[in-house]
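K.L.:
Starting off with a structure, shown below.
The values are calculated or read from the model by the stated rules, or taken from the named source; none is laboratory data. The structure displayed is predicted, hence computed values, not measured ones. No Cβ is skipped: glycine too gets one built from the backbone with ideal geometry, and neighbour counts run over all protein chains shown. These area figures cover heavy atoms from the full protein model, side chains too; ligands, DNA and RNA do not enter into them. Shrake-Rupley method; radii C 1.70, N 1.55, O 1.52, S 1.80 Å.
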Amino acid sequence: MAEVVCFGELLVDLVSEAKDVSLGDAGGFLKAPGGAPANVAAGLSRLDTPASFVGQVGNDPFGRWLRDVLRQERVDVSYLGQSPHARTTLAFVATRGDRRKDVCFYRNPGADAELSSADLDFAMFEGARLFHCGGVSLSQSPCREAQMVAARVAKERSLLVSFDPNWRPSLWGDHDEARWVLWEMVALSDIVKVADEEWEFFTGTTDLAEGATKIRAVGPQLVIVTLGAQGAYFNCVAGQGTVEGFPSQVVDTLGAGDSFMAGLLHQLVAQPTLQNSLNPTQLGKVLRFANACGALTTQKAGAIPALPTRDEVCQFMGHHS
Ligand code: ADP
């Protein structure tokens, strides 16, 4: 039975073979499994935390391939649907010289966004402790409503709710509406993780403490900001702080944030309650582990292939103690 239910997009990433380029300047592209919540599910599974993935792919070779990839990662795909009419979503990805990602989605319509609340089977929550989701699946209906319904039911059933806004400007027509929808989801969440490059758009400030206070004011108990090579920042009622990252020989940063998220959730669900983790000492340990997951993922190409096992993370932390 899955301890963590991950909800959202599972899609094909077509990743630029050339590094430090924008999408327009990219040449060839390599096919890779993608979708942030699916990466998190695979990351948890590698760390031996049972995870399931809820979403939708198309009835096409890409959808079948993605299902097989997750199955091989020991992710429970019992609640992964197949659209009878929409194709599996594609996303072209390039990482520019300034670390920013250039992403272009092909969803006309995309099977991931066609998942509706009528497709949900709440048996998916049996035995689970945490529901994790992101912002990409909020950008279109009916998936937006399906995610809100799933998060509300998860809360009613006393699961923790975790959210990564994963801001992708090109997916949203109206950015003010986007902020409104993302914040509606924040209000349903216990844990919110944001990347530093999204922070100002998301919170309206460059100041971490000020933005985190705004987020906690609407409900979440724990706010985490990832800072690339610098590590991560935490903010909860008992205090705030920064936990340094590990030195890394970077091959590519794809999936680093999702691997970090998997490390974070793996550590949080290992405790009987979230309260047990909400103090600076414990969060220092939790984020050290999550930073190690992120750093290890930067050392190999791709997202899912670069996700570490628990043994690899422990060994890596041992070398750097
Ligand atoms: P995202 O991939 O969502 O943009 P970040 O780039 O902030 O997120 O990376 C997520 C986490 O991965 C960081 O908090 C850090 O732990 C780790 N990480 C990312 N880049 C590096 C790096 N160059 N060196 C070491 N650790 C890194």
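K.L.:
Straight-line reach from K101: which aspartates and glutamates have a Cα under 19 Å away, not including same-chain ones fewer than 8 places off?
P.N.:
E9, D13, E17, D20, D25, D164, D196, E197, E198, E200, D252, D258
K.L.:
Would you mind getting the accessible area per residue of the chain, heavy atoms of the protein chains only, 1.4 Å probe, in Å²? Don't skip to the answer; put the middle values down first.
P.N.:
On the way: 13050 Å² over 321 residues.
Averaged over the residues of the chain, the accessible area is 41 Å².
K.L.:
Would you tally the net charge around V250, using a Cβ to Cβ cut-off of less than 13 Å, leaving V250 out, and scoring K and R as +1, D and E as -1? Please report the intermediate quantities before stating the final value.
P.N.:
Details: positive: K19, R99, K300; negative: D20, D252.
Charge balance in the 13 Å sphere: +1.
K.L.:
I'd like to know which of H175, G211, G135 lies farthest towards the positive end of the charge dipole of segment 121-214, counting +1 on Cβ of Lys and Arg and -1 on Cβ of Asp and Glu.
P.N.:
My answer, from the dipole projection, is G135.
K.L.:
If DNA, RNA and ligands are ignored and the probe is 1.4 Å, what is the ranking of E9, E244 by accessible area, most exposed first? Walk me through the numbers on the way to the answer.
P.N.:
Details: E9 5, E244 155 Å².
Greatest to least solvent exposure: E244, E9.
K.L.:
On a 30 Å Cα-Cα criterion, which of the cross-link pairs K19/K193; K31/K155; K31/K285; K214/K285; K19/K155 come out too long? If you can, show how the numbers build up before the last one.
P.N.:
Working: K19/K193 26 Å; K31/K155 36 Å; K31/K285 35 Å; K214/K285 25 Å; K19/K155 41 Å.
The pairs that break the limit, which is 30 Å between Cα atoms, are K31/K155; K31/K285; K19/K155.
K.L.:
Please turn the phi angles of segment 217-227 into ³J(HN,Hα) values with the Karplus equation 6.51 cos²θ - 1.76 cosθ + 1.60 (θ = phi - 60°), one per residue in order, whole Hz, x for glycine and proline.
P.N.:
Going residue by residue, I get 5, 9, x, x, 8, 9, 10, 10, 10, 8, 10 Hz, with x marking Gly and Pro.
K.L.:
Compare D258, D196 by solvent-accessible area with a 1.4 Å probe and give them largest first, with all protein chains kept in place. Kindly include the intermediate steps, with their values, before the conclusion.
P.N.:
Details: D258 20, D196 55 Å².
Result, largest first: D196, D258.
K.L.:
Okay, moving on. Roughly how big is the chain's charge dipole about its Cα centre, with Cβ charges of +1 (Lys, Arg) and -1 (Asp, Glu), in debye to the nearest 20? Intermediate results must be reported in sequence, preceding the final value.
P.N.:
Working: 27 positive and 37 negative charges, 101 e Å.
The calculation lands at about 480 debye.
K.L.:
Using the basic label-point model (7 angstrom from Cα toward the beta carbon), what is the C104 to Q72 distance in nanometres?
P.N.:
2.8 nm
K.L.:
Mind giving me the FRET efficiency for D121 and A238? R0 is 41 Å, r the Cβ-Cβ distance, nearest 0.05 is fine. Please report the intermediate quantities before stating the final value.
P.N.:
On the way: r = 38 Å, r/R0 = 0.92.
Approximately 0.65, to the nearest 0.05.
K.L.:
Tally Lys and Arg at +1 and Asp and Glu at -1 over the other residues with C-beta under 15 Å from the C-beta of V77: what net charge comes out? Don't skip to the answer; put the middle values down first.
P.N.:
Details: positive: R64, R67, R71, R74; negative: E9, D68, E73, D76, D112, D119, D121.
Once positives and negatives cancel, what remains is -3.
K.L.:
Mind telling me which of S141, S259, S277 comes out most flexible in a GNM of the chain, alpha-carbon contacts under 10 Å?
P.N.:
S141
K.L.:
If you don't mind, another one. Name the residue, out of G294, G58, G24, whose mean-square fluctuation peaks in a Gaussian network model built on the chain with Cα pairs under 10 Å.
P.N.:
Looking only at G294, G58, G24, the largest GNM fluctuation is found for G24.
K.L.:
Name the most mobile residue of A86, A217, A51, meaning the one with the largest mean-square fluctuation, in a Gaussian network model of the chain with Cα contacts below 10 Å.
P.N.:
Looking only at A86, A217, A51, the largest GNM fluctuation is found for A217.
K.L.:
On a C-alpha basis, how far is the centre of segment 10-38 from the centre of segment 66-135 in Å? Whole number, if you could?
P.N.:
Comparing the Cα centres of segment 10-38 and segment 66-135, I get a distance of 16 Å.
K.L.:
Related question: Could you estimate the translational diffusion coefficient of segment 113-232 from the Stokes-Einstein equation, with Rh from the Kirkwood formula over C-alpha pairs, at 10 °C and 1.306 mPa s, in whole µm²/s?
P.N.:
Details: Rh = 14.8 Å.
It comes out at roughly 107 µm²/s.
K.L.:
For the chain, how big is Rg over Rh, using alpha carbon atoms and the Kirkwood form of Rh? Can you show the working numbers first?
P.N.:
On the way: Rg = 17.9 Å, Rh = 19.3 Å.
Rounded to two decimals, Rg over Rh is 0.93.
K.L.:
Tally Lys and Arg at +1 and Asp and Glu at -1 over the other residues with C-beta under 15 Å from the C-beta of D196: what net charge comes out?
P.N.:
On the way: positive: R99, R100, K101, K193; negative: D98, D164, E197, E198, E200, D207, E210, E244.
Surrounding charge for D196 is -4.
K.L.:
Each residue of segment 161-166 in turn: what ³J(HN,Hα) in whole Hz from Karplus with 6.51, -1.76, 1.60 and θ = phi - 60°, glycine and Pro shown as x?
P.N.:
Values per residue, Gly and Pro as x: 10, 10, 9, 10, x, 6 Hz.
K.L.:
As a test, work out the antiparallel percent of DSSP beta bridges whose residues both lie in the chain, rounded to the nearest 5.
P.N.:
Just about 40 percent of them are antiparallel.
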